[in-house]
Structure formats: C-alpha cells, structure tokens
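*Asks:* So that we are looking at the same thing, I have put the structure below in structure tokens.
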C-alpha cells in the first residue's frame, strides 16, 4: 500500500478548522511531532496570569505558552510579574480587577506596544490622567474597552494637552458610572480618531449631553452605534423611566423629547447599524424620523422590557406606521432587518416568536423584516459561546457586548 503524505499546509488548515475544539486539539498533539506546534498554537492562544501564574512564568524562554499566546489576561495584580516580558508577541491584552502601580503603567506600553486590543475591566487607577496616559501610549491600538473603571482621586485631573488617542482606534466600548468625564475629554480632542464603532452602556441623564456631542463630532466616520439607557442606577432612583400604559403622558413626552433632542444622527450619514437597549419604541421612532438621512442604515435593534401582567411592550409599537416608515419610497431608509429583543425584569419572558407572528407581524407589511429575540436566552447563549477556550476559561466583556 502506498503511503499518502499530506502537504503540511493542508494539515495546518485542518487544525485551524479545529481552533475551538479543545478535545480534538489535544488529540492532535499526540498524533506526531509535526502536528504539535500547530495544535499548541490554538490550545494556548489565551493565557490568564493571576494568583497561580508562577509555574507558567518560571518556565525558561521560549516557553510554549509565551510563543503561542495571542491574548493575555492579567488579573488581581498590582505589578507586572517577572517573566511577563516573554509574552511580547500578544495582540490582545486584558487587565481585570487590579490596581496598577506607576511601574506597571510605564512598562505596559514598552513591553506590549504592538497590541491592537486593550480591555480595562474593573481597573482602579490612581487618577483619570493615568488611565488616559496608558491608553494614549499604545500606538497600534484599534479596539478599546472600558468596563466599570474608576480612579482613587475622585477629582478629575486633566491629562496633558498633547495626548491623543491612537490614530488607528476604530472601536470604543464603554460601560461607566462617569461617562461624561471620559467623553468630555474625548470631545476636546482635535482631531478625533475616525471611530467606526461606538458602544456606550449605562448612559444616564448626566451623560446625555457629552454623548450627543461625541456622536455629532464623529460624523461620517461612525458606522455602528449602540446606546444602552440606564433605567436605574446603583443607588436605586430611576433616571429614564420607561413609559407604560399607566405612566403619566407628561413623563413620557419629557423623556422622549429630551433624549431625541440630544441624540443627533444627522451627521452620521454612513451609519449602518443602530442598537437602542432599554429604550422604548416612540423614542427610537422619534430619533429616526427626525434624522432621516441614513441612506446606509441596514440593521436596527431595539431591546425593551416586558410590560406589566405579562403584556409585551411590543404593543407600544405602531406597526402600521413602522411598516410605512420602512417601506415607503419617500424615506431614505434601506433596512434589511429590524430585530426586537424583549427582556423580562426578573423572570423568564412570556413573549415568544409565535406571539409576535400571530399578533403583531400581520400588521407589518414588511414580511420577514421584523424579528423577535428573547434577550435573556440570547445573553445566555452569547456568554456560553464567548468563553475563552484557553487553559483558563474567562468571559471577555468587550467581546460579549460586540455580539
């Protein structure tokens, strides 16, 4: 029998196809020596350095972890541990639950200047200026995620005037209780980086003005916009009451007018997708109707809460008006899909696809365009699928919200 020897490029392609199957990759490691490097390349692409990282860092260079790692997570550290310099080939860096000292902030840009993705997850800086200095010192940064970051000195010390965000930055994801501080500094920059994706979460009333200015200044570079309204802050009072059938009309009108007047999309002429989370249909309709110059807008997503007595807030949508809005030749919109996500407050949502199809969809002539998604089921699925498949399983907030 003649032995068939596959080209190594074909073997690499097969192993690349198994990049998310740890069991198969582990089996490939034992097939032959030629398969080992390619299998390890995917097995050890995600490395987390936390309390128990001494054994990994003590390996003599070049260790298989340092060579294969492309996404590095540093968790619960106040300084950069010895040996971390061998991971200088990574392209994504995650700082999670830590308080960096001055040495760490100085060395990170020197060791990891090539990273294109930085995620700051529950990082407590000494000051706001220190956080900005770290971000601006990474010349190749393309994606920046800030998730509940804070600083010890609460007074805002302004960063150096000459600091600028990296010129290649195109994606900004932010969840913060002090959005306006970062956005006010961002709005003062000249020029701004050409952001194509902006996702702002936990947006409350104090942040709306700064948010509106940032959207307006980004103008034609903005292609994907996600806004999550803060319906309730951590102290309890509601910032943006979501209108219901029993809510006073004046409250609904004030909220809609205030937000619709602040979110000016007239300058976002290249906007392709717009997601409004925990908003309400009339607000979305007002924003789009007031700023109807979006010839590129293709994807629209609205996440709303389920109403009282298990009655879906989908009743708040004027489906005939929505149909006319999407399909009328006089409008500039060319939507491909409009997805409605329904989220229950503390229980499983009673709204389902059958209810949408039988009760609401017949009223919309744009058949097949309006889709329903259970928000709770969607998030559970996303969290499961976004688990990092490296030696340490970790959920990345930035990748979670990008889905």
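*Asks:* Is it the case that some residue within the stretch 33-42 is surrounded by 13 or more Cβ atoms within 10 Å (Cβ to Cβ), in contact (Cβ under 8 Å) with a residue 24 or more places away in the chain and closer than 16 Å to residue 91 by Cβ?
*Replies:* The answer is yes, given that some residue of the stretch 33-42 is surrounded by 13 or more Cβ atoms within 10 Å (Cβ to Cβ), in contact (Cβ under 8 Å) with a residue 24 or more places away in the chain and closer than 16 Å to residue 91 by Cβ.
*Asks:* Here are some conditions: (1) in a loop (DSSP other than H, G, I, E, B); (2) more than 17 Å from the chain's Cα centre (by Cα); (3) more than 22 Å from residue 266 (Cβ to Cβ); (4) without any contact (Cβ under 8 Å) to a residue 40 or more places away in the chain. Residue 169 meets all but one. Which one does it not meet?
*Replies:* (2)
*Asks:* Then there is this: May I ask you to verify whether residue 59 is in contact with a strand residue (DSSP E or B) (Cβ under 6 Å, 6 or more places away or on another chain) and outside any helix (DSSP H, G or I)?
*Replies:* Taking the combined requirement at face value, the residue does not satisfy it.
*Asks:* Across the stretch 290-300, what is the total count of residues that are modelled with pLDDT of 65 or more and within 17 Å of residue 215 (Cβ to Cβ)?
*Replies:* 3
Residues are listed down the side, and each one gets a yes or a no for (1) over 22 Å from residue 124 (Cα atoms); (2) in the same structural domain as residue 398 (by TED's automatic domain parsing); (3) crowded, with 18+ Cβ neighbours inside 10 Å:
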| site | (1), (2), (3) |
| --- | --- |
| 154 | no, no, no |
| 162 | yes, no, no |
| 176 | no, no, yes |
| 186 | no, yes, yes |
| 191 | yes, yes, no |
| 202 | no, yes, yes |
| 207 | no, yes, yes |
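*Asks:* crowded, with 16+ Cβ neighbours inside 10 Å and in contact (Cβ under 8 Å) with a residue 60 or more places away in the chain: is that true of residue 25 in this structure?
*Replies:* Judged against the criteria, residue 25 is not a match.
*Asks:* Taking the stretch 139-158, which residues are in contact with a helix residue (DSSP H, G or I) (Cβ under 9 Å, 6 or more places away or on another chain) and under 10 Å from residue 169 (Cα atoms)?
*Replies:* Matches in the stretch 139-158: 139, 141, 143, 144.
*Asks:* Of the residues 79, 65, only one is modelled with pLDDT under 90, in a helix (DSSP H, G or I) and outside the structural domain of residue 398 (by TED's automatic domain parsing); which?
*Replies:* Just one listed residue meets the conditions, 65.
*Asks:* Picking from 195, 177, which residue would you name as being under 24 Å from residue 97 (Cα atoms) and assigned to a loop (DSSP other than H, G, I, E, B)? If you could, list the steps in order and put the result at the bottom.
*Replies:* On the way: 195 fails: under 24 Å from residue 97 (Cα atoms).
Just a single option satisfies the conditions, and that option is 177.
*Asks:* Next question. Any idea which residue in the stretch 82-100 is modelled with the lowest pLDDT, counting only those that are touching a helix residue (DSSP H, G or I) at 6+ places or on another chain (Cβ under 6 Å) and assigned to a loop (DSSP other than H, G, I, E, B)?
*Replies:* 88
*Asks:* I would also like to ask the following. Which of the residues belonging to the stretch 79-98 are surrounded by 17 or more Cβ atoms within 10 Å (Cβ to Cβ), farther than 18 Å from residue 398 by Cβ and in contact with a strand residue (DSSP E or B) (Cβ under 8 Å, 6 or more places away or on another chain)? Break it down stepwise before answering.
*Replies:* So the first thing to find is which residues in the stretch 79-98 are surrounded by 17 or more Cβ atoms within 10 Å (Cβ to Cβ), and the list is 80, 83-84, 86-87, 90, 92-96, 98.
Within this subset, residues satisfying the condition of being farther than 18 Å from residue 398 by Cβ are 80, 83-84, 86-87.
Within the stretch 79-98, 80, 84, 87 meet the criteria.
*Asks:* Within the bounds of the stretch 124-135, is there any residue that is in a loop (DSSP other than H, G, I, E, B), surrounded by fewer than 21 Cβ atoms within 10 Å (Cβ to Cβ) and either in the same structural domain as residue 107 (by TED's automatic domain parsing) or in contact with a strand residue (DSSP E or B) (Cβ under 9 Å, 6 or more places away or on another chain) (or both)?
*Replies:* Checking the stretch 124-135: at least one residue is in a loop (DSSP other than H, G, I, E, B), surrounded by fewer than 21 Cβ atoms within 10 Å (Cβ to Cβ) and either in the same structural domain as residue 107 (by TED's automatic domain parsing) or in contact with a strand residue (DSSP E or B) (Cβ under 9 Å, 6 or more places away or on another chain) (or both).
*Asks:* Could you figure out which of (1) modelled with pLDDT of 75 or more; (2) part of a loop (DSSP other than H, G, I, E, B) isn't true of residue 287?
*Replies:* Here residue 287 meets the rest and fails (2).
The values are calculated or read from the model by the stated rules, or taken from the named source; none is laboratory data. Just so we're clear, the structure is a prediction, and the values are computed from it rather than from any experiment. Note that we place each Cβ from the backbone using ideal geometry, even for glycine, and neighbour counts take in every protein chain shown.
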